[in-house]
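**Q** Take a look at this one; I'll ask things after.
The values are calculated or read from the model by the stated rules, or taken from the named source; none is laboratory data. Treat the numbers as computed from the prediction; the structure is a model and nothing was measured. Virtual Cβ from ideal backbone geometry, glycine too; neighbours counted across all protein chains shown. In case anyone asks, the SASA skips ligands and DNA or RNA and just uses the protein heavy atoms, side chains included. Shrake-Rupley method; radii C 1.70, N 1.55, O 1.52, S 1.80 Å.
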Amino acid sequence: MKAVVYTQYGPPEVLQLVDVEKPTPRDDQVLIRVHATTVAATEIPMRRGKGLDFRIVIGLRRPRERYRVLGMELAGEIESLGKEVTRFKKGDQVYGFTGFGLGGYAEYCRMPEKGSLAIKPANVTYEEAAAVVDGATTALFFLNKGRIRSGQEVLINGASGSIGAYAVQLAKYFGADVTGVCGTANLELVRSLGADGVIDYTVEDFTESGRTYDIIFDTVGKSSLSRCKGSLKKGGRYLLTVGWGSYLVMLWTSLVGDKKLIAGMSIKKTDELVFLRELIEAGHLRPVIDRHFRLEEIVEAHRYVEAGHKKGNVVITVG
Ligand SMILES: NC(=O)c1ccc[n+]([C@@H]2O[C@H](COP(=O)([O-])OP(=O)(O)OC[C@H]3O[C@@H](n4cnc5c(N)ncnc54)[C@H](OP(=O)(O)O)[C@@H]3O)[C@@H](O)[C@H]2O)c1
């Protein structure tokens, strides 16, 4: 089968489309014929080998054999099953998150049936389904941790990114009054996702407006709790998706003060994928796709995502 493999860390050109052996599912695994995957923001530092955390997992000097095919999000069809599999059958159309299992940049990928995998929403394409997986489940994970409630005032920083675009829609679904912070070119997009208000970060610093929020969700790590404290209501929560240092601040704010920082990593996503399927099929959430590329264009796709300005998601069509 065709797969995009990287054997050394570096620029997008380290990604090479080659022929590799088609995997065989183990007893508790399914084999998925991948129709679509994505280039997620997290895969950029993985490819570059940037950060000790990634190197410890993926390989200190170069990516270990089992991590050489990137691709954390996928949608496709179940091609075959291990003999212990009961949740899925051949031909099921699924979407899922491989996480550090990776392997989505390939024509076939195997996943444990108990992994973050679910039947995909019936009313969207494979490309649209793949584009929902990590961004929307992560947005849901953080909004739940922030105990979002109807009537709250919520600010989403990075509202035009993958997590942000879904956070805006989900916060609206939960009945919040939502302000989205994004760049000039994305104001219309964020409004179209349902935001009640938008702030252009290139002309206004939301921490200086004097307005306060129940939840500030920084999806892209471009602010800090210390800067945002004055913009949080009493008992407010600051949700942050990035940075190991945030765990120490979370510990500190859990002991001291009434404004809490909440960090975390959304890893197990099956329940969220099932919930999101219902939301999408009911028309409450829509996939947000910026650009489509083919697997053969993976270098270009990585270059585009690495620039840091994608709107929602960048999808790769496989096959
Ligand atoms: N904790 C977790 O479980 C978890 C899970 C998934 C991802 N992550 C991490 O979360 C981060 C965000 O992921 P993502 O996929 O949402 O990112 P993304 O889609 O790559 O974010 C790109 C967006 O960020 C916006 N942006 C850039 N600078 C900004 C600024 N100063 N203020 C406001 N918006 C700005 C850009 O808008 P403009 O073009 O207008 O600048 C662009 O639309 C990544 O670092 C990723 O690794 C964490």
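**Q** Would you list the helices (runs of 4 or more DSSP H) that sit entirely within the range 163-282 and hold 1 or more residues that are under 23 Å from the mean Cα position of the chain (by Cα) and basic (Lys, Arg)?
**A** Once the helices (runs of 4 or more DSSP H) in the range 163-282 are filtered for at least 1 residues that are under 23 Å from the mean Cα position of the chain (by Cα) and basic (Lys, Arg), what remains is 187-192, 270-281.
**Q** Could you say which residue among VAL220, VAL203 is open to solvent by 20 Å² or more (accessible area, probe 1.4 Å) and within 22 Å of GLY245 (Cβ to Cβ)?
**A** When all the criteria are applied, what remains is VAL220.
**Q** Right, another one. How many residues does the range 86-103 hold that are surrounded by fewer than 20 Cβ atoms within 10 Å (Cβ to Cβ) and at negative phi?
**A** Total meeting the criteria: 9.
Yes/no matrix, rows are residues, columns are (1) over 23 Å from ILE289 (Cβ atoms); (2) assigned to a helix (DSSP H, G or I):
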position: VAL4; (1), (2): no, no
position: GLY10; (1), (2): yes, no
position: VAL30; (1), (2): yes, no
position: ARG47; (1), (2): no, yes
position: ALA75; (1), (2): no, no
position: SER80; (1), (2): yes, no
position: GLY91; (1), (2): yes, no
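**Q** Yes or no: LEU295 out of contact with any strand residue (DSSP E or B) (no Cβ under 9 Å at 6 or more places or on another chain) and away from the ligand (no atom under 16 Å from the Cβ)?
**A** no
**Q** Would you pick out the residues in the range 159-170 that are open to solvent by less than 10 Å² (accessible area, probe 1.4 Å) and near the ligand (Cβ under 6 Å from one of its atoms)?
**A** GLY164
**Q** If I filter the range 273-290 for residues that are at pLDDT 95 or above, open to solvent by 60 Å² or more (accessible area, probe 1.4 Å), within 15 Å of the ligand (Cβ to nearest atom) and touching a Gly at 6+ places or on another chain (Cβ under 8 Å), do I get at least one hit?
**A** There is no residue in the range 273-290 that is at pLDDT 95 or above, open to solvent by 60 Å² or more (accessible area, probe 1.4 Å), within 15 Å of the ligand (Cβ to nearest atom) and touching a Gly at 6+ places or on another chain (Cβ under 8 Å).
**Q** Go through the range 30-49 residue by residue and tally those that are among the basic types (Lys, Arg) and either more than 16 Å from the ligand (Cβ to nearest atom) or free of Cβ contacts under 8 Å to residues at least 40 places away in the same chain (or both). If you could, list the steps in order and put the result at the bottom.
**A** From the range 30-49, those among the basic types (Lys, Arg) are 33, 47-48; that's our starting set.
With either more than 16 Å from the ligand (Cβ to nearest atom) or free of Cβ contacts under 8 Å to residues at least 40 places away in the same chain (or both) added as a condition, the list becomes 33, 48.
Qualifying residue count for the region: 2.
**Q** How many of the residues in the range 117-162 are under 15 Å from GLY96 (Cα atoms) and assigned to a strand (DSSP E or B)?
**A** Residues in the range 117-162 being under 15 Å from GLY96 (Cα atoms) and assigned to a strand (DSSP E or B): 3 in total.
**Q** Just the residues that are touching a strand residue (DSSP E or B) at 6+ places or on another chain (Cβ under 6 Å) and either open to solvent by less than 60 Å² (accessible area, probe 1.4 Å) or touching a residue at least 40 places away in the same chain (Cβ under 8 Å) (or both), please, taken from the range 250-267.
**A** Those that are touching a strand residue (DSSP E or B) at 6+ places or on another chain (Cβ under 6 Å) and either open to solvent by less than 60 Å² (accessible area, probe 1.4 Å) or touching a residue at least 40 places away in the same chain (Cβ under 8 Å) (or both): MET250, THR253, LYS259, LYS260, LEU261, ILE262, ALA263.
**Q** Here's something else I'd like to know. Just give me the residues in the range 143-158 being within 12 Å of the ligand (Cβ to nearest atom) and open to solvent by less than 20 Å² (accessible area, probe 1.4 Å), in sequence order.
**A** Listed by number, the residues that qualify are LEU155, ILE156, ASN157, GLY158.
**Q** State all residues of the range 171-209 that are of a type in the set (A, V, I, L, M) and more than 10 Å from the ligand (Cβ to nearest atom); if no residue qualifies, say none.
**A** Selection gives ALA171, ALA176, VAL178, LEU193, ALA195, VAL198, VAL203.
**Q** Return yes when ARG227 is farther than 27 Å from PHE54 by Cα, open to solvent by 50 Å² or more (accessible area, probe 1.4 Å), touching a helix residue (DSSP H, G or I) at 6+ places or on another chain (Cβ under 6 Å) and within 15 Å of the ligand (Cβ to nearest atom) and no when it is not. Show your work before the answer.
**A** Numbers: farther than 27 Å from PHE54 by Cα: yes; open to solvent by 50 Å² or more (accessible area, probe 1.4 Å): yes; touching a helix residue (DSSP H, G or I) at 6+ places or on another chain (Cβ under 6 Å): yes; within 15 Å of the ligand (Cβ to nearest atom): yes.
Answer is yes for this residue.
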